[in-house]
Each structure stands twice: as structure tokens, then as C-alpha cells.
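Notes follow the structure.
Derivation of every value follows stated rules applied to the coordinates shown; laboratory data play no part. The model shown is predicted, which means the values in this text are computed figures rather than measured ones. Here Cβ is always computed from backbone atoms with ideal geometry, including for glycine, and neighbour counts include all displayed protein chains.
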Amino acid sequence: MLIKIVQGNDKELEFSDVNVVIDVIRAFTFAHHAFIQGAKQILLVKTVEEAFELKKSNPSYLLAGEVKGRGIKGFDLDNSPSLISKYNLNGRSLVQKTTNGVNATLHALNTDIVFVTGYSNAKNTADYVKNLYCSINQDNSIHLVASHPSGDDDLACAEYIKGILEENIIESAKMVEKRIQASHVAEKFYDSERPEFKEEDIAICLKELESDFVMIVNQTNRVPRIERVDI
Ligand SMILES: O=C(O)[C@H](CS(=O)(=O)O)OP(=O)(O)O
Ligand SMILES: [Mg+2]
């Protein structure tokens with residue numbers, strides 16, 4: 001198994017058998033909770049304009065995401081996992097536009113299969129990838145993409161997943177949680193002068209959840225979309 005950790009949201013990756021794109025704070029923690037709340041799929045777009053175009057032809061779509069961390073005028077939702085975990089999303093399709101997670105994923109499509117995850121679903125995802133791609137073929141190449149260019153939240157999670165895949169756990173779950181909380185990306189959520197960033201979001205990003213699915217990017221349509229695949 002050739003496992004490489006890559007950091008950044010715009011890296012053009014050479015082909016690998018599997019890509020796992022990680023965004024802890026907050027895009028794929030948000031996505032994980034959206035699926036738990038019943039979402040059917042999450043379409044991934046690069047720009048705000050593309051999101052509005054999709055909504056024009058599909059008025060039931062919910063637009064979600066951020067620019068510089070803040071919600072977008074005219075969108076239905078921002079990038080907050082604590083907010084989304086209060087919605088009933090049964091059967092709904094979302095469109096997601098975010099700085100790191102979504103952009104990194106759109107740059108990571110040169111592969112047979114793309115997973116996305118935050119920390120909340122990291123162990124599930126790592127176990128699934130390990131069973132399916134590591135046990136059978138030891139020659140498989142895997143990119144773990146820590147989507148924030150400098151955030152230790154995604155890097156810590158990537159190292160955690162690598163440890164599970166290689167059966168060599170250097171970073172314990174507790175250590176990873178500490179690194180996420182101490183990362184510079186988390187800072188603004190503890191800043192009382194920036195009330196738009198909620199501390200509650202970080203609490204959710206730090207919590208591993210028992211869930212029975214992984215998130216895989218379906219590339220068969222023009223717009224790539226995250227779907228839940230039961231495990
Ligand atoms: O909304 C977020 O948490 C981030 C943007 S920033 O790092 O807070 O500026 O977007 P994401 O794509 O979820 O990393
Ligand atoms: Mg992030």
C-alpha cells in the first residue's frame with residue numbers, strides 16, 4: 001500500500017487507486033450530519049454562481065456553504081454542522097460550495113474512487129477503505145488529502161486515518177481531538193468578537209459518531225455529488 005498525505009485545496013493529484021479528502025472544520029462534518037438528517041445527495045460546485053444556476057433548474061435544492069467562512073447571501077444554509085444537525089433533510093438534495101473541502105475534492109477526481117470525511121466519520125471511512133482496498137491488494141495507492149492548506153485539523157485527521165490503514169496508530173483519537181481543537185482554523189470559533197462562528201461547531205467537529213455509512217463521490221453526472229453508501 002502506498003499511502004501519501006497531501007495538504008491543500010488545489011493540488012492536481014496524479015492518478016491513484018483511492019483518494020480520501022478530509023475536511024474536519026467544517027465541510028465534511030457538515031456533510032456527515034446532513035446525511036444523518038436524511039439528505040439524499042450533496043452536489044459539489046466550485047462557484048457561488050454555479051450553485052445559483054443549479055437552483056434555477058432545481059428549485060428544491062438547498063444551497064449550502066461559505067465564502068471566507070461566512071454564509072452566502074441567497075443561500076439556504078451556511079457551513080455549520082451544529083445548525084444542519086437540527087434540520088429534517090429527508091430526501092433533500094444539497095449543493096455545497098466551500099473553500100477547502102469542496103475545492104480539494106473537485107481537484108481529487110483523478111482516481112477510481114473518492115471518499116470524503118471529517119473526523120466524525122474518519123474511523124468508519126478508514127476501516128471501510130482498509131477492508132476493501134488494503135487487505136485485497138497491497139499495491140493500491142492512496143492519497144489522503146488534508147484539504148486546508150495549513151490547518152492541523154485536517155492533517156491530524158489524515159495521520160489518524162493513515163495509522164488505521166497501516167495498522168500503526170501513532171496518533172490516538174484523543175491526541176487527534178486535541179490537535180483539531182488547538183488548530184489555527186478553530187481559533188475564530190472561540191473568539192467572542194466573531195459571534196458568527198459558533199464554538200458549538202468545533203464541539204461537533206471533534207466528536208466521532210457511530211454511523212453506518214461512508215461518503216463517496218459519484219462522478220457519473222456532470223456535477224460530482226457525494227452519496228452515502230451503507231457499510
Ligand atoms: O467554513 C469553514 O469552516 C471553512 C472556511 S474557513 O477555513 O473557516 O475560512 O471552509 P471548509 O471548506 O469547510 O474548510
Ligand atoms: Mg476546513
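Summary table
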item	result
Any hit, the stretch 116-138, residues being in a strand (DSSP E or B), closer than 19 Å to G8 by Cβ and touching a Ser or Thr at 6+ places or on another chain (Cβ under 8 Å)	yes
Matching residues, the stretch 147-170, being surrounded by fewer than 20 Cβ atoms within 10 Å (Cβ to Cβ), part of a loop (DSSP other than H, G, I, E, B) and in contact with an Asp or Glu (Cβ under 9 Å, 6 or more places away or on another chain)	P149, I170
Extreme residue, nearest to E187 (Cα to Cα), among residues of the stretch 106-153 that are among the aromatic types (F, W, Y) and touching a helix residue (DSSP H, G or I) at 6+ places or on another chain (Cβ under 9 Å)	Y119
Given (1) part of a strand (DSSP E or B); (2) under 16 Å from L77 (Cα atoms); (3) not hydrophobic (A, V, I, L, M, F, W, C), index of the condition H33 fails	(1)
Criterion (β-branched (V, I, T), away from ligand 1 (no atom under 16 Å from the Cβ) and touching a residue at least 24 places away in the same chain (Cβ under 8 Å)) met by exactly one of V185, V176	V176
Any chance G91 is within 18 Å of the chain's Cα centre (by Cα) and of a type outside the set (K, R)	no
Count of residues meeting criterion [without any contact (Cβ under 8 Å) to a residue 24 or more places away in the chain, closer than 23 Å to S150 by Cβ and within 15 Å of ligand 1 (Cβ to nearest atom)] in the stretch 190-219	4
Residue in the stretch 178-192 that is part of a loop (DSSP other than H, G, I, E, B), within 16 Å of ligand 2 (Cβ to nearest atom) and surrounded by fewer than 17 Cβ atoms within 10 Å (Cβ to Cβ) present	yes
Test: residue in the stretch 68-80 that is closer than 22 Å to C157 by Cα, away from ligand 2 (no atom under 16 Å from the Cβ) and not in a helix (DSSP H, G or I)	no
Complete set of residues in the stretch 193-222 that are part of a loop (DSSP other than H, G, I, E, B) and within 17 Å of the chain's Cα centre (by Cα)	L206, K207, E208, L209, E210, S211, D212, Q219
Unmet criterion (only one of (1) of a type outside the set (F, W, Y); (2) in contact with a helix residue (DSSP H, G or I) (Cβ under 9 Å, 6 or more places away or on another chain); (3) within 15 Å of ligand 1 (Cβ to nearest atom)) for G71	(2)
Filtered residues of the stretch 1-30 (kept if among the β-branched types (V, I, T), within 12 Å of ligand 1 (Cβ to nearest atom) and either over 20 Å from I142 (Cβ atoms) or assigned to a strand (DSSP E or B) (or both))	V21, I22, I25, T29
Which numbered condition T105 fails, given (1) under 12 Å from the mean Cα position of the chain (by Cα); (2) β-branched (V, I, T); (3) part of a loop (DSSP other than H, G, I, E, B)	(3)
Members of the stretch 36-57 that are farther than 17 Å from S211 by Cα, over 12 Å from the mean Cα position of the chain (by Cα) and in a strand (DSSP E or B)	L43
